[in-house]
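> The structure under discussion is supplied below as structure tokens; questions concerning it will follow.
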Amino acid sequence: MIKVTNLHKAFTVKDGKTKAKKRIEAVRGISFQVNPGEIYGLLGPNGAGKSTTLRMIATLMQPDQGNIEVCGLDTQKEGEKVRGKLGYLSTDMNVYERFTPRELLRLFGEFQGVDPTIAERRGIYLLEKLQLMDFSDVKMDGLSSGQKQKVSIARALLHDPKVVIFDEPTTGLDVLTAKTVLDLLRVMKSEGRTVIVSTHVMPLVDEICDRVGIIFDGELYGDAPPREILGRYSVRTLDEVFFQLAAGGVR
Ligand SMILES: Nc1ncnc2c1ncn2[C@@H]1O[C@H](COP(=O)(O)OP(=O)(O)O)[C@@H](O)[C@H]1O
Ligand SMILES: [Mg+2]
């Protein structure tokens, strides 16, 4: 279970031209809850505050204000325990060009303190689900960007996390590869895991998310099943909700 309450995060950045300091309120009072067996979609355009929110849940960044619980643990007090329960996929492409997927998974299994036999078995299971077995012994610099993304996904799930947080998992993937990733998320759901997936590519969400929250300029709108949101904003697609928010319409 994930419970986020009144989360705030601001950054101070220097203006490139004037050198004046500027405050960016990236996340402004976001609250939501995701239950086991549920896929929650965090949708929003670039710069909306999705990654900042997910980084705070993943304990990689401290909130300025607010509270986050993961499986009943306070992320700000019990970061290490939380990290053991959480599989996080970031948008930064981590490339380990000189490793093969199998070697990389073995290494990460060790980092995570997973028993080597169990890590091996789970690694093979994930590579099979992601249709990567044929490439399991190919050095990563010989893989396509979609294949590298799938290796990152396998890595995030290797320690069998109860909570899965995927930041833009399908961005830049072709439709077939994206489908493989979405199918795996459905499996995660059916296994009773708690899943959050962020995206700025709407069609993904109708398909797999039980509920979505629309994040715009650091605030959350919606927090309901996709159909309900369409009804509430009287639109046919979730993209149109963005257009309304951007135009300063119904909020
Ligand atoms: N480490 C950081 N330092 C300064 N500004 C940041 C940092 N991380 C994010 N931001 C800013 O916060 C806002 C939200 O960013 P982000 O959460 O990455 O949005 P999204 O993932 O929805 O595209 C943006 O204006 C971004 O430039
Ligand atoms: Mg982002």
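Bear in mind these aren't lab numbers, they're just calculated from the coordinates by the rules spelled out. All values derive from a computational prediction rather than experimental measurement. All Cβ positions, glycine included, derive from the backbone under ideal geometry; neighbour counts span all protein chains shown.
> Mind listing the long-range amide H neighbours of Arg211? Cut-off is under 5 Å, sequence gap 5 or more, other chains count too, H placed in the peptide plane at 1.01 Å from N.
Those lying under 5 Å, H to H, from Arg211 are Ile39, Gly41.
> Same structure again: Gap in Å between the Cα centre of region 1-22 and the Cα centre of region 31-85?
16
> Quickly rank 156-169, 204-217, 106-119 as a protection proxy: mean count of other C-beta atoms within 10 Å, highest first.
156-169, 204-217, 106-119
> With N set to the number of residues, divide the alpha-carbon radius of gyration of region 153-251 by 2.2 N^0.38 Å and report two decimals.
Details: Rg = 14.5 Å, N = 99, 2.2 N^0.38 = 12.6 Å.
The reported ratio for this selection is 1.15.
> What is the projected area of the convex hull of the Cα atoms of region 1-149, averaged over all directions, in nm²?
For the Cα atoms of region 1-149, the hull's average projected area reads 11.5 nm².
> List, in the order given, every pair from Lys14/Lys150; Lys85/Lys139; Lys139/Lys179; Lys22/Lys77 whose Cα-Cα distance in the structure shown is over 27 Å.
Lys14/Lys150; Lys85/Lys139; Lys22/Lys77
> At a temperature of 20 °C and a viscosity of 1.002 mPa s, determine how fast the chain diffuses translationally according to Stokes-Einstein, using the Kirkwood radius over alpha-carbon pairs as Rh; express D in µm²/s, rounded to the nearest whole number.
The calculation lands on 113 µm²/s.
> Let me see the P(r) profile for region 120-207: every Cα-Cα distance counted, bins of 10 Å, each bin given as a percent of all pairs.
Spelled out per bin, shortest first, that is 16, 54, 28, 3.
> Oh, and also: Amide H of Leu89: which non-local residues (sequence gap of 5 or more, or other chain) have their own amide H closer than 5 Å, using H built in the peptide plane?
Here Ile165, Phe166, Asp167 satisfy the definition.
> Quick one: compute the contact order of the chain, relative version, from alpha carbon pairs under 8 angstrom and 6+ residues apart, as a percent.
Computed over the chain, the figure is 26 percent.
> In whole Å, what three semi-axes, largest first, describe the equivalent ellipsoid of region 1-71 built from its Cα gyration tensor (square root of 5 times each eigenvalue)?
Taking √(5λ) for each eigenvalue gives 27, 13, 9 Å, largest first.
> Assuming 1.002 mPa s and 20 °C, estimate D for region 35-116 with Stokes-Einstein, Rh taken as the Kirkwood radius over Cα pairs, in µm²/s.
Approximately 143 µm²/s, per Stokes-Einstein.
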